[in-house]
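Data block below; observations after.
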Amino acid sequence: MRDYLVLDRLVKIYRPRGKPEVLAVQGISLSVAKGELLGLLGPSGCGKSSTLRMIAGLETVTSGDIRIAGQSVTGLPPHRRNVAVAFENYALYPPLTVEENIAFGLRARGERDVRRRVHEVAERLGITDLLPRKPGSLSSGQKQRVSLARAIVREPAVLLLDEPLSHLDASERERTRRELKRLQRETGYTTILVTHDQHEALTLADRIAVMNAGQIMQLGTPSEVYDAPQNLFVADFVGEPPMNIIPATVRTDGDAQRLQFSDSAALPLPEAAFGDGVEVVVGIRPQDIQVVSQTRPGTLPATVFAFEPLQELSRLTVAMPGVETRLVIQAPPTSSYSPGESVGLLVNYARLHIFDARTGERMPCPWMDAQPLTALSQSSSSATGSS
Amino acid sequence: MAQTEARRLQSAGVQVTTDAETRQVTWGARLLQWFLDLLTLAYFAFALFPLVWMFLLSLKPQSELYSTYFRFSPTLDGYRAVLGIGGTEEIPFLRFFFNSLVVSVGAVAVSLLVGLPAAYAFARWKFRGSESLLFTLLSFRFAPELMVIVPLYVIYQRIHLFDTRLGLVWVYQLITLPLIVWILRSYFQDLTPELEQAALLDGYSRTQAFIKIVLPLVRPGLAAAGLLAFIFAWNAFAFPFVLTGSNAQTVTVGALSFLGGAIPRYNLTAAAALISLVPPLILALFIQRFLVRGLTFGAVKG
């Protein structure tokens, strides 16, 4: 089923008394296929949590419709939607044991076979030995797994995960993320994952809806979102370290065209593609710039501002003459630079993103499909892999 | 403390002091502990002295009341007189005692009945005037009782609530309701709403979620607020002093009336005060285990 969960022009407006109303969700539409994991990614306050809470029925819908398996659930109370939520703070009930917590929902519905089903789910999540314990004695990762078990034991039509990994420490996060991925693949639950962590969304989701200010900025697979951000917001929000974003003006010189960053810094374009004098914003990821000797032709001159030798990679910050925005570059771990050093930059044109400065929308570049001029095969293949 | 800290640092690969130095630190910590213990003891004596004095006073015969020696011939006559055992009862203290019990329990019960849902609503929803309502409740506590007592006296006379237990229960709401609402509200706020939302998704109604999920979790708060409210109601003086006559008078006012005769009978007042100490004490001991659990409650939260 292609349209298992459908959000149809969903709007949420909060009207606090005596304060201006808040347009939390401004008419978003999406459809999620059965068994798909859709990530709702955005900064806090972007409306992703409101969306999740509306799907769960914990928040009223101002306008629009929510359909699950073709049936509108917009007016139904939470328990009649067959939706389960794994809450950010786990929402485990302290006085009950883990087993009782997982069984809670089943008991409330007066279902049969509670014990067997609880044990099955516990086994699948590897928490059988935790069953007699109280939530208070568990680690965050264990609590998260119990919370997940409680959500899926009811075999919901739609599983909602609210920031599932945000309270875990780094090592538990890695582990839980892998388990979450495996579990979702195995069980095939239609899942909505709400997160502000782009890493989480990129690794877990089949498709990602990047949200900002109550709207979907881009909907696509993780590589679409990462490799071809549709607007400046997505370009800036997705990727770690964030994309370098520098304003520039298009200058035409006969047949050749270049991006003029400042009076003394310009990047020649492989093809003339834009109108002369157009104001643009150039986006380039730190791993799509190569640092070479300045003597090499066709390089952008720059001066090293800072060099951070991190273990797996080195991070280089450089300044281009006359350009205020500094560029962050990922360099190989073996490299070494000192501040003040003059370097040349080679840009991977295939991974150069150009946006309209006025609208913030992506501008199509004709050379994108062609072979990149200064190919950095190593960085373009590792770009998605490193996420 | 110092030792575990040192061990923690050591395991983290930090150069740690030698054994001798560690021992010195431990000695310092121990000295500090002794000093603190001493301070606690001093405060203990300071706080308990009035009680001890009162106790001695209650055992003194009338003739030795004004001697400041600790040597006197102890007698239980004071208690007998207060409780009206073997002799004529000058002041119906037992009735006052009973009045106090009824009025205090009644006031706390009414406050819990009203305050529990109110506190929950205040904690969970913002509604028109919720802030001002909360503040109004609090203002009952910081506005002096004497400010409102004269008009209240006139009103109570007129609507025939003067010198009735019901009237006291009502006016005691000024004391107990704000306490209960404010304490319980903070307990409710500490509970994540996700707990109830999870219950809603599981198929419970709002009321069921409140009774089955929320209420058991705020039991320590309920005990603490109830106990505090009871103590405040029990010790109330100004309201019963002005708003009761001989019928609905409470122990606080009653104990004082032993001083009202031709000869002030401090021994009887002391005995009466000590007797009136018993119910809050018993209640506190009984509720204590809930209070201790209330302190550790935070550890259980997700």
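Read-outs: derived from the displayed coordinates by stated rules, not from any lab. If you're wondering where the values come from, they're calculated on a predicted model, not measured in any experiment. Ideal geometry is used to build each Cβ from the backbone, glycine not excepted, and the neighbour counts take in all protein chains shown.
The table for this structure:
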| item | result |
| --- | --- |
| C-alpha long axis of helix A:170-187 to longest principal axis of chain A, angle in ° | 70 degrees |
| Count of Lys pairs (Cα-Cα under 17 Å; at least 8 positions apart or interchain) in the protein assembly as shown | 7 |
| Check: chain A dipole with +1 on Lys, Arg Cβ and -1 on Asp, Glu Cβ, in debye | 1800 debye |
| Kirkwood-based shape ratio for region B:93-295, expressed as Rg/Rh from alpha carbons | 1.05 |
| Rg and Dmax of region A:46-124, Cα atoms only, in Å | 15.0, 41 |
| Square roots of five times the Cα gyration tensor eigenvalues for chain A, Å | 46, 25, 17 |
| Overall Cα dimensions of region A:170-229, principal axis frame, Å, largest first | 30, 26, 23 |
| Pairwise FRET efficiency - A:ARG17 versus B:ARG80, Cβ, R0 = 56 Å, nearest 0.05 | 0.30 |
| Neighbour-count ranking [beta-carbon atoms within 10 angstrom, fewest first] of B:PHE49, B:PHE72 | B:PHE49, B:PHE72 |
| Relative contact order (percent, whole number), region B:93-295, Cα cutoff 8 Å, 6+ residue spacing | 32 percent |
| Helix-only mean residue ellipticity at 222 nm for chain A, each DSSP H run of n ≥ 4 adding -39500 (n - 2.57), per residue, nearest 500 | -7000 deg cm²/dmol |
| Calculated FRET value between A:THR303 and A:ARG178, using beta carbons and R₀ = 51 Å, to 0.05 | 0.75 |
| Taking A:VAL282, B:VAL82 and counting other C-beta atoms within 10 Å, the order from fewest to most | A:VAL282, B:VAL82 |
| Where a label projected 7 Å from the Cα of B:ALA238 along Cα→Cβ would reach, residues of region B:149-168 with amide N under 16 Å | B:149-154 |
| Between 0 and 90°, nearest 10: helix A:98-108 axis offset from chain A longest Cα axis | 70 degrees |
| Separation in nanometres of the label points that stand 7 Å from Cα toward Cβ, at B:LEU259 and B:VAL114 | 3.2 nm |
| Kyte-Doolittle mean at least -0.5, axial Cα span of 27 Å or more - DSSP H helices of chain B | B:19-59, B:93-124, B:165-190, B:278-296 |
| Percent of alpha-carbon pairs separated by more than 40 Å within the protein assembly as shown | 56 percent |
| Calculated FRET value between A:GLU341 and B:LEU277, using beta carbons and R₀ = 60 Å, to 0.05 | 0.15 |
| Ascending count of other beta-carbon atoms within 10 Å, so fewest first, for B:TRP125, A:TRP367 | B:TRP125, A:TRP367 |
| Of B:GLU90, B:GLU194, B:GLU145, the one that fluctuates the most in a GNM where chain B has Cα springs shorter than 10 Å | B:GLU194 |
| Candidates A:SER336, A:SER63, A:SER49, ranked by Gaussian network fluctuation over chain A, Cα under 10 Å, top entry | A:SER336 |
